[in-house]
Amino acid sequence: ETGVTQSPTHLIKTRGQQVTLRCSSQSGHNTVSWYQQALGQGPQFIFQYYREEENGRGNFPPRFSGLQFPNYSSELNVNALELDDSALYLCASTFNSDTGELFFGEGSRLTVL
Amino acid sequence: AQSVTQLDSQVPVFEEAPVELRCNYSSSVSVYLFWYVQYPNQGLQLLLKYLSGSTLVKGINGFEAEFNKSQTSFHLRKPSVHISDTAEYFCAVRRAAGNKLTFGGGTRVLVKP
């Protein structure tokens, strides 16, 4: 039990649609990051938020965007969905990004048809 | 940029036998190193991490790993596996002054009775 919960657990969208994925972190975890895990691959860093501001981004286009809220929840938004966006999206939070220990949620599995 | 190579995509092993999962990384700067485990339909759980100090790191569930700077490796070992160790294992690195984890492609461990 990591104290990080994600919703929805599964969802299906069609190409061109938009999706919002949600994450609720433990109280005090002021840093949240999102990862995309395609089938059979390791997770890839999308971006990180610290105190409600983005402070790091991986190699993902601007149609991937996020928000972090004061109540330790966050969102990942993806616009203009493409078939290759089908993946498991993992949220991870921490209270001390210096030590690098992240607490992962169980993920939201997105299928784009 | 950092990169991580997990040399074995799958490792079948009999119950109570030892197992070693190999991980090599490349980076031009100091890094922190991690091993995560992912059970089916779950998120990632931290097994162990190397930040500094002793190169032999002990983690949860009887796992240990050894950091070898000259060989840029961080291999994971367990002297005697259980059926419950069947899972996917990911090696990851992070710059000491950075905010993203770079994961390897994963090693699927299948423990057979």
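The values are calculated or read from the model by the stated rules, or taken from the named source; none is laboratory data. Keep in mind the model is a prediction, meaning the values are calculated, not measured. Note that we place each Cβ from the backbone using ideal geometry, even for glycine, and neighbour counts take in every protein chain shown. Heads up: the accessible areas ignore ligands, DNA and RNA and are worked out on the full protein's heavy atoms, side chains in. Shrake-Rupley method; radii C 1.70, N 1.55, O 1.52, S 1.80 Å.
So if R0 is 41 Å, what FRET efficiency would B:S70 and A:L39 give, r being the distance between their Cβ atoms, rounded to the nearest 0.05? Write down the numbers at each step before the final one.
On the way: r = 35 Å, r/R0 = 0.86.
After rounding to 0.05, the efficiency reads 0.70.
Need the C-alpha centroid separation for region B:79-113 versus region A:1-74, integer Å.
Computed from Cα coordinates, the inter-centre distance equals 21 Å.
How much accessible area per residue does region B:2-113 have, in Å², with a 1.4 Å probe? Kindly include the intermediate steps, with their values, before the conclusion.
Values: 5350 Å² over 112 residues.
Spelled out: the 1.4 Å probe surface of region B:2-113, per residue, equals 48 Å².
Please check which bits of region B:27-44 a label hung off B:A96 would reach, taking the label as a point 7 Å along Cα-to-C-beta and the cut-off as backbone N under 19 Å.
B:27-35
Any idea how far apart B:T5 and B:H82 come out in nm if each label point goes 7 Å out from Cα toward Cβ?
Between B:T5 and B:H82, the simple spin-label model gives 3.5 nm.
Please give me, ordered by residue number, the trypsin sites (Lys or Arg not before Pro) of region A:19-113 that lie in loop per DSSP and have at most 10 other Cβ atoms within 10 Å.
Working: sites: A:R22, A:R51, A:R57, A:R63, A:R109; in loops: A:R51, A:R63.
Passing both the DSSP loop test and the Cβ count: A:R51.
As I understand it, the dipole of the protein assembly as shown uses +1 on the Cβ of Lys and Arg and -1 on the Cβ of Asp and Glu, about the Cα centre. Which of B:G53, A:S25, B:A97 lies farthest toward its positive end?
Going by the Cα projections, it comes out as B:A97.
Put a dot 7 Å past each Cα toward the Cβ at B:N41 and A:R57; how far apart are the dots in nm?
With each label point 7 Å from Cα toward Cβ, the separation is 3.6 nm.
Across region B:100-113, in residue order, what do the Karplus-derived ³J(HN,Hα) couplings come to in whole Hz, using 6.51 cos²θ - 1.76 cosθ + 1.60 with θ = phi - 60° and x for Gly and Pro?
Couplings: 10, 8, 10, 9, x, x, x, 10, 8, 9, 10, 9, 9, x Hz.
Which number do you get for Rg(Cα) / (2.2 N^0.38 Å) in chain B? The partial results should precede the final answer.
On the way: Rg = 13.4 Å, N = 113, 2.2 N^0.38 = 13.3 Å.
Its radius of gyration relative to the 2.2 N^0.38 Å reference: 1.01.
Let me have the relative contact order for chain B, percent, based on Cα pairs under 8 Å that are six or more residues apart. Please list the in-between numbers first.
On the way: 288 pairs, mean separation 42.6, N = 113.
For chain B, the relative contact order is 38 percent.
Return the loop-located trypsin sites (Lys or Arg not before Pro) in region B:25-113 (DSSP other than H, G, I, E, B) with at most 12 other Cβ atoms within 10 Å of their own Cβ; answer none if there are none. Intermediate values should be presented prior to the final figure.
On the way: sites: B:K49, B:K58, B:K69, B:R77, B:R94, B:R95, B:K100, B:R108; in loops: B:K69, B:K100.
Filter output for region B:25-113: B:K69.
Return the value, in Å² to the nearest 100, of accessible area buried between chains B and A (probe 1.4 Å, both sides summed).
Details: alone 6260 and 6240 Å², together 10960 Å².
Separately minus together, B and A give about 1500 Å² buried.
Along the principal axes of its C-alpha atoms, what lengths does the protein assembly as shown span, in descending order and rounded to whole Å?
If we take the Cα atoms of the protein assembly as shown, the spans are 48, 38, 31 Å.
Once you have the Kirkwood Rh of region B:46-92 from its Cα pairs, apply Stokes-Einstein at 4 °C and 1.567 mPa s and quote D in µm²/s. It would help to have the intermediate numbers written out before the result.
Details: Rh = 11.5 Å.
Using the Kirkwood radius from Cα pairs, D works out to 112 µm²/s.
Per residue of region A:85-95, what does 6.51 cos²θ - 1.76 cosθ + 1.60 with θ = phi - 60° give for ³J(HN,Hα)? Whole Hz please, x for Gly and Pro, Karplus curve as stated.
Whole-Hz 3J(HN,Hα) from phi for region A:85-95: 7, 4, 5, 8, 9, 10, 9, 9, 10, 7, 9.
Could you give the nm distance between label points at B:E20 and B:S52, where each point is 7 Å from its Cα heading toward the beta carbon?
Result for the modelled spin labels: 2.9 nm.
Quick one: in chain A, what % of C-alpha pairs are over 16 Å apart?
Details: 3465 of 6328 pairs.
In whole percent, the long-distance tail amounts to 55.
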